[in-house]
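Participant: The structure follows.
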Amino acid sequence: MKNRREHRAPWECTFAKEDKSKCKPGIPPKSDQEYFEILCLCILQAGLGWGMVRENWAKFGRGFYRFNIQRLAKTKGEGLLERDGVIKNRMKIEAIIKNAKEFQKIKGEEGSFSNFLKSLKGMEEKEAIKMLTQRFAHLGKYSAEYYLHSVGY
């Protein structure tokens, strides 16, 4: 289709705002760290406007230790709740910590998150979405679908 375009940042995507057919899947991340950061973005963005998320993304990054998987997996929710740049939503904070631990588990099982996503390629999209919603906290059906789209699945 002529007016489909690639994107790197999820907020550049028309998928969430317009007709899904107008947006190509996102550019696949180069590292597990980038996959995790986009997962965190999908969780943090739920219920918020993209403009607010885009405007505060650097601040969120600082607050959440640059979305460092290992550091977040060892963090207590109370510690994050007190940091500047962290959305004061306990459910989202706890989900990010739990998801960092799940990311580590997946890396141990599959070698990388990219390998995990490749293992989902044989499934129908709705089954892949179901798998993500079962493994990750605070990730609903729509957010999982958007996540897969954003990472080029």
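Values quoted throughout were computed directly from the atomic coordinates according to the rules given, and no laboratory measurement underlies them. All of these numbers come straight from a predicted model, not from anything done at the bench. Neighbour counts run over all protein chains shown; Cβ positions are idealised from the backbone, glycine included.
Participant: Please compare each pair in Lys74/Lys107; Lys30/Lys76; Lys76/Lys118; Lys59/Lys88 to a cut-off of 22 Å on the Cα-Cα distance and tell me which ones are over it.
Facilitator: Too far apart for the 22 Å limit: Lys30/Lys76; Lys76/Lys118.
Participant: What length, rounded to one decimal in nm, is gained on full extension from Lys141 through to Ser31, with 0.36 nm per residue of separation minus their alpha-carbon distance?
Facilitator: 37.2 nm
Participant: Taking the Cα-to-Cβ direction at Ser112 and at Met91 and moving 7 Å from each Cα, how far apart do the two end points lie in nm?
Facilitator: Result: 3.4 nm between the two label points.
Participant: Continuing with this model, one more query. Given just the C-alpha atoms of segment 28-150, how large is their convex hull per residue in cubic angstrom? Mind dumping the intermediate values first?
Facilitator: Working: hull volume 11.9 nm³, N = 123.
Cα convex hull per residue, to the nearest whole number: 97 Å³.
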